[in-house]
Structure formats: structure tokens, C-alpha cells
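Data block below; observations after.
The values are calculated or read from the model by the stated rules, or taken from the named source; none is laboratory data. The model shown is predicted, which means the values in this text are computed figures rather than measured ones. Virtual Cβ from ideal backbone geometry, glycine too; neighbours counted across all protein chains shown. Surface accessibility is based on the protein's heavy atoms, side chains included, excluding ligands, DNA and RNA. Shrake-Rupley method; radii C 1.70, N 1.55, O 1.52, S 1.80 Å.
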Amino acid sequence: MAAYSSLTSPISTWPVANYISSVAYQKNHNTLNSSMFQSPIRHKKLMSRLRCSNINGYSSKTIAVSLQPEEELKTEKQQRKVAVTGMGVVTPLGHHPDVFYSNLLEGVSGISEIEGFDCSKFPTRIAGEIKSLSTDGWVSPKHAKRADKFMLYILTAGKKALADGGVTEQINEEFDKIKCGILIGSAFGGMKTYHEGIEASKISYKKVRPYTIPYATTNIGSAVLAMDLGWMGPNYSISSACATGNSCILNAAHHIIKGDADIMLCGGSDAAIIPAGLAGLVAFRALSGRNNDPTKASRPWDTDRDGMVVGEGAGVLLLEEMEHAKRRGANIYAEFLGGSFSSDAYNIVEPHPDGLGIVSCIEKALTQSGVAREDVNYINAHASSTPIGDLIEYQALMQCFGQNPELKVNSSKSMIGHLLGASGAVEAVATVMDREVLVGSKKERFEIKVALSNSFGPGGHNSSILFAPYKQI
């Protein structure tokens, strides 16, 4: 992560205004002001004595139990730091991190009319659709022909992240494969594959393809990628709706911190722009209806926002134990500091109106990472252009960071749409790559101390992750 951050073009980005009420939003392009609060008081070391009952023939005795204080737990985590050493993307704005990021800086929009199927009868006919993708050299011909797009995105972005991280075939052979893992999830999985299986079964069960079930499951991308690489460490997927990408990144980092792995590929992927997917999201009443103005349809925090724009793609980070990365001479983009999860436990569709789940998620992320509030000066917000969600996230950010005049906030979704389970991972790539800030109509350089990236999902899933520029000691 370079020492600078980026907000995008004023045409396609809708930065948070200085003041936003629950009734109306200002339309200017000023930066978000926020304030700092003191970090929670650390717990003292506790000792307790417990009396064990006489169970199964064992006599009662007093034992001492040591509860580790927060400082000691934090020290243990810091003994194994996590570096970002590679990135791969498949997005509506490009399939290489540099191309993707350059388009973000230029304010290019990846949102346009859907071309993959006839959607003329749908009330929403726009999306952040990937028009073409070459998997040559990244995916075997067998999988390229049979697999669902979400799996192809995982394999392509995953191997591109390895290449970006300088992991050649020879270097991969030198890795301890038991300490190499993959955790790439999806909100929807192989939706097209599953839908085709249902349609085939209406004719005859004999028409259903043998690979329908495995190619539809959310874990198949991680599994096949591990087979291609020979990686035998932690391997699974997480599905937490639109918080999936962040969930996978944070859990992958935990595997490295705990010593389960030295290197992890992690992120998210989704490909739900199919008739059934679009119809479901229309019924969900979550989509923008700006069919005649697609490049400006996704407008986080804007007064006239009318819903999100669905997108597709994948984002994968190569996370590595810091000393492992240094020993092999890897290029370190950023340091992953930590993060947290929470649940609103409120409603399937709407976030909790008081934003408590979001606030607690951010608070825990700061505390567990040992990051002071005042050090967070850039946020890549979840902000998906929904009337309720944008407001509640804004209020939560104000509660956590209220009066910090240095804080900059943006949303990558203004240009790529909402990539569902891939959104957190793709936005993490944008966060790590940020170099310049664009506020209003002009660009300005901005030194990032700590960057926060939020992802939230239907059902009340909240996730926040933290990155910082790598400083070589």
C-alpha cells in the first residue's frame, strides 16, 4: 500500500458530504469530518480459582486459571504479522490491479446495459457486467468449458494474485504446501450452473450434468485452485452475503497469525448477472432504475440515489506471514492489521436503524488490532447507493470517528456496482492500491496512516478490515 489514497472522479464518485441529515443529503463533494474518542481501558490480568466438582471419580481440587490480558493477546498476534504480497482481480473495470486502479482514478464507469441475455422486459437493465474474459493460461480447458463463471473468476484472479506476488512455478515448489491455504468464498456460488440443472431436470433427471452439484457449491473455486497448486493447508469457503470477501480475508489472516499457514490466497467471487439473479434482486427491491443513465446510476450518499447496481467479478489477495515474505524477497504492498465481524440480529433486508452492529464491528476491529481512532484517516465504505443503508453507515462512521477533519471516505461501488460476495475483496484491492485522493473537482495527495474497508450484507452481516502502508524497519 503506497502512502497515498484515492477517491475517484467527481462524475462517477459521490463522496460523503460534510453534513448529512436523516431527511436529506447535501449534493456537494466535500470530505467527511469525524472525531476521535479514547481507546477502551485495557483489562488488568486476572487470576481466578475454581473449585472442581467430584466428577467421574476425580477428587475435588482447586486450580488456578490465568486469563490473559488484552495486551498479551495483542503481543501474541503481533509476533506473526500479515503482509499483502499479491493481488488479482476480475472486474467490470479491468482484469489486472493496475488497470482496475487506473480506471478508478480516471473515474471510468464499468456500469452499462446488460448484454449477456435479453433483459428488455426487466425494470432494471443495467449492471457492472464483465463483457469478456480470457482464461487462457489460467484455467484448464476442461474447467474453462464446464465451470460456472464465478469459479472461472476465482481461478483467474487467484493465479493472477500469485503471479503478481512473484510466486513462480519454481517458487511454489519450494513452499511447504501444508502451510499454504486458500479461502475464497461466494455469496451465490454457481447460480447459473444450478439453474441450468433445475431446467434440465424438468426434462429428465438423465439430462442433469454430472458436475452440476460440485460446480454449483461455493467451495469449488478454493478446492480446484488448491488442486492446481498442490496447496494442502486450510481450504474452504465462507458465505456471509455481501460481507463474504472481508470474512474470507480476515479468517485467512487468522490462520497465518495462529501459525496454521504461512501464505493464504483469500477473497470472494460472484457471477449472478443471469435472468434468475436479476429477477431475484428486482423482487428484492434493491436495484436502481436509472436505465437511461447507467454510468451515474450507482451514486452512494447522493440525495437522488435510488438503489444499488449489481456487478460481478472476483478479488483475491495473497496474504503472507511477514518474515516469510521478507525471506523470499517479496514485494510487500501493505500490512494487514486486523478486523472484526458483528451481526445486527435485526432484519433480513434492512440494517439495524441505530447502526449498533456496524459501530460494534468497527470498535472491535480497532481494539483487537490495537489501532487508535485518530490513526484511521481513509475509509473505503460499503456504501452501495441504497437510501437506508448509506445513511446508517454514515451515522455509524460519525459515531466512531465524528470530528476528524483528516478523514477521507469513498465508495468504489460508484463505478463498478455492487459485486456481492466479491465486493469486499475487490474493494480491499482498491484500498491497498490507493495512492492519490480526489476530493470534489481536484486531486490532492494524502498520506494514509490506517485504511478501513467496510462490507455489510443482508441478514445483518457486518465486517471491517484494516490495512496500513508497509514501513520497512
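Laid out as a table, the results:
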| read-out | value |
| --- | --- |
| Long-range amide H partners of MET87 with built H, under 5 Å | ASP164, GLY165, LEU318 |
| P(r) of the stretch 237-291 over all Cα-Cα pairs, binned every 10 Å from zero, in whole percent | 21, 35, 23, 15, 6 |
| ARG299, ARG209, ARG290, ranked by accessible area, largest first (probe 1.4 Å) | ARG209, ARG290, ARG299 |
| Solvent-accessible surface ranking, highest first, for ASP98, ASP118 at 1.4 angstrom | ASP118, ASP98 |
| For the stretch 321-402, accessible area per residue (1.4 Å probe, heavy atoms of protein chains only), Å² | 37 |
| Protection proxy ranking, peptides 400-412, 154-166, 364-376, average beta carbon neighbours within 10 Å, highest first | 154-166, 400-412, 364-376 |
| Surface share of carbon and sulfur [accessible, 1.4 angstrom probe, percent] for the stretch 308-360 | 54 |
| Counted charge near PRO300, where neighbours are those whose Cβ lies closer than 11 Å (Asp, Glu -1; Lys, Arg +1) | 0 |
| In order through the stretch 124-138: 3J(HN,Hα) via Karplus (6.51 cos²θ - 1.76 cosθ + 1.60), integer Hz, x for Gly, Pro | 10, 10, 10, 6, x, 8, 7, 6, 7, 7, 9, 9, 4, x, 10 |
| Rg over Rh, two decimals, the stretch 301-388 (C-alpha only, Kirkwood Rh) | 1.05 |
| The stretch 265-300 and the stretch 144-221: distance between their alpha carbon centers, rounded to Å | 22 |
| Residues of type aspartates and glutamates that LYS258 reaches as a straight line, Cα spacing below 18 Å, ignoring anything fewer than 8 places off in the same chain | GLU70, GLU71, GLU72, GLU76, ASP176, GLU320, GLU321, GLU323, GLU335 |
| Accessible surface, 1.4 Å probe, highest first, among residues HIS418, HIS195 | HIS195, HIS418 |
| Ranked by how many other beta carbons lie within 10 Å on average, peptides 380-393, 325-338, 306-319 from highest | 306-319, 380-393, 325-338 |
| Mean Cβ count within 10 Å, highest first, over the residues of peptides 263-272, 239-248 | 263-272, 239-248 |
| Accessible area of the stretch 153-270 belonging to carbon and sulfur atoms, whole % at 1.4 Å probe | 57 |
| Long-range amide H partners of LYS81 with built H, under 5 Å | MET322, GLU323 |
| Rough spin-label spacing in nm, given labels placed 7 Å along Cα→Cβ, for GLU447 and ASP136 | 4.7 |
| Gyration tensor verdict on the stretch 107-230 (Cα atoms; rounded if a/c is under 1.5, prolate if a/b is larger than b/c, oblate otherwise) | oblate |
| Selected from LEU133, ALA200, ILE184, residue furthest toward positive end of dipole (the stretch 117-217; charges at beta carbon) | ALA200 |
| Relative compactness, the stretch 177-250, computed as alpha-carbon Rg over 2.2 N^0.38 Å | 1.29 |
| Tensor-based shape of the stretch 362-473 (alpha-carbon gyration tensor, a/c under 1.5 rounded, otherwise prolate or oblate) | rounded |
| 5 angstrom amide H check on ILE130, placed H, neighbours 5+ away | GLU312 |
| Largest to smallest principal axis extent of the C-alpha atoms in the stretch 127-175, angstrom | 40, 25, 14 |
